[in-house]
Amino acid sequence: MADSKKRILTGDRPTGNLHLGHYVGSLANRVKLQKEYDSFILIADVQALTTHWEKDENLAENIFAIALDYLSVGIDPEISTILIQSMVPELFELTMYFSLYTSVNVLRHNPTIKSEAAQHGFKDMTYGFLGYPVSQAADIAIFKAHLVPVGEDQIPHLELARKIVRRFNDLYRPVLVEPDTLVGEVPRLVGLDGKTKMSKSLNNAIFLSDSSDTIKSKIRSAVTDPARIRKNDPGHPDICTIFQYQQIFNKNEISEIETNCRQGSIGCVDCKNRLFVQLEQLLAPMRERRSKFANNMPLVRDILFDGTSKARAVAEDTMREVREAMKINYFNQ
Ligand code: ATP
Ligand code: MG
């Protein structure tokens, strides 16, 4: 049956716990679409090393943490395939072939690469970091994915992946699939600091694995409208981070909250409490699923191992076609 379905490929770098930004940007779509599509979710451990090559001591731990995040949001291992990138070496072979005809200048001008290089303080980018979008194109192409659900920062990478695939099909033989991008309902969730996107590495995130108490205190200390000092001062929802979260996580109460905030008839503490209630509704069932899997880590290990084996077989099939198309299968293996 699975063979007749279109395929999804997505993934994340195992660089820390997943947060609400991942959920609204990509995970929610993955959960929603996993029955309709044959879904492959890639834990990009080698891509994590493109920025963490010297500080990789938490890699194994992070791989299991991210697997628990997936399972807790409702990725069903019976129907979705979770795999570990480094254990599919065919990916690196395809990355090399793609890199033969990918322009260094195009990579240098990629806006996401530029902003991430600045974030990591890279003045002189490594070959591996500059080229990670090529490796990502290989991740997508090797599984012949039709659809890639991602957040906004990934749009330039998906554009490139499409070009690389198209070029391959023109140069050699049309064996690869040009993927479509599906950007989440909230393409770029702002962080608790109200300044940049919520990110694992910027200390501004509400993690899916946070306890109820942690979430309460993170929300409590979030900055709202700086001009609002007393509870009944009129508020300015358009500049309030908590209001942005209400728009996403508390749709039913949003117009009432907006009116009351502008009139000064709801205080920030009340408003934050209402957000907390909504987040708890979303996260409590996730916590329950997480603890079930966390108590059975051998099962999680099997899920990763079996998923990776299944994915590797698909990758091997594609690579046979790729080598044949490129006329480098000298012994017809
Ligand atoms: P890192 O700092 O390790 O790069 P990250 O938080 O940017 O971490 P990634 O693993 O790079 O996370 O991204 C995984 C997926 O989640 C991508 O599809 C990305 O677009 C999406 N995503 C990440 N952060 C957000 C956010 N704040 N809002 C919406 N989508 C997001
Ligand atoms: Mg990132």
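Here are a few things to note about the model shown:
- Selected from Gln247, Gln85, Gln154 as most flexible by GNM, with the chain as the system and alpha-carbon contacts under 10 Å: Gln247
- The trypsin sites (Lys or Arg not before Pro) of the stretch 106-154 that meet both conditions, a loop assignment by DSSP and at most 13 other Cβ atoms within 10 Å of the site Cβ, are Lys123.
- Shape call, the stretch 1-130: gyration tensor on alpha carbons, a/c limit 1.5: prolate
- For the chain, share of DSSP beta bridges that run antiparallel, in % to the nearest 5: 10
- 222 nm mean residue ellipticity, helices alone, for the chain (DSSP H n ≥ 4; -39,500 (n - 2.57); rounded to 500): -16000 deg cm²/dmol
- For the stretch 265-284 and the stretch 118-164, distance of Cα centres in Å: 36
- Computed from Cα positions, the angle between helix 297-325 and the longest principal axis of the chain comes to roughly 50 degrees.
- Simple Cβ-charge dipole of the chain, Lys/Arg +1 and Asp/Glu -1, about Cα centre, in debye nearest 20: 460
- Compared with the dominant Cα axis of the chain, that is its longest principal axis, helix 155-171 is turned about 20°.
- Near-label residues of the stretch 296-316 by backbone N, under 16 Å of a point 7 Å along Cα→Cβ of Ile79: none
- Using a simple spin-label model with pseudo-atoms 7 Å out from Cα toward Cβ, Phe305 and Leu182 lie 3.1 nm apart.
- Radius, Kirkwood style, for the chain when every pair of distinct Cα atoms is counted (Å): 21.4
- Remark: the stretch 171-240 carries 57 Å² of accessible area per residue (probe radius 1.4 Å; ligands, DNA and RNA excluded).
- If a spin label sat at a point 7 angstrom from the Cα of Leu100 along the line to its beta carbon, the backbone N atoms of the stretch 166-200 nearer than 18 Å would be those of 166-177.
- Separation in nanometres of the label points that stand 7 Å from Cα toward Cβ, at Asn203 and Glu93: 4.5
- When only Cα pairs below 8 angstrom with a gap of at least 6 residues are kept, the chain shows a relative contact order of 23 percent.
- Share of carbon and sulfur in the accessible heavy-atom surface of the stretch 212-290 [1.4 Å probe, %]: 51
- With the charge dipole of the stretch 212-290 set up from +1 on Lys and Arg Cβ and -1 on Asp and Glu Cβ about the Cα centre, the Cα lying farthest toward the positive end among the listed residues Pro234, Ile219, Cys271 is that of Ile219.
- Annotation: per residue accessible area for the stretch 5-98 equals 36 Å², rounded to a whole number [probe 1.4 Å, protein chains only].
- Taking 25 °C and 0.890 mPa s as conditions, the stretch 212-290 diffuses translationally at an estimated 191 µm²/s according to Stokes-Einstein applied to its Kirkwood radius (Cα pairs).
- Cα centroid separation - the stretch 214-261 against the stretch 69-92, whole Å: 37
The values are calculated or read from the model by the stated rules, or taken from the named source; none is laboratory data. Note that the structure is predicted; figures quoted are calculated from it, not measured. All Cβ positions, even for glycine, are placed from backbone atoms using ideal geometry, and neighbour counts span all protein chains on display. Each accessible area value is taken on the protein alone, full model and side chains, heavy atoms only, with ligands, DNA and RNA left out. Shrake-Rupley method; radii C 1.70, N 1.55, O 1.52, S 1.80 Å.
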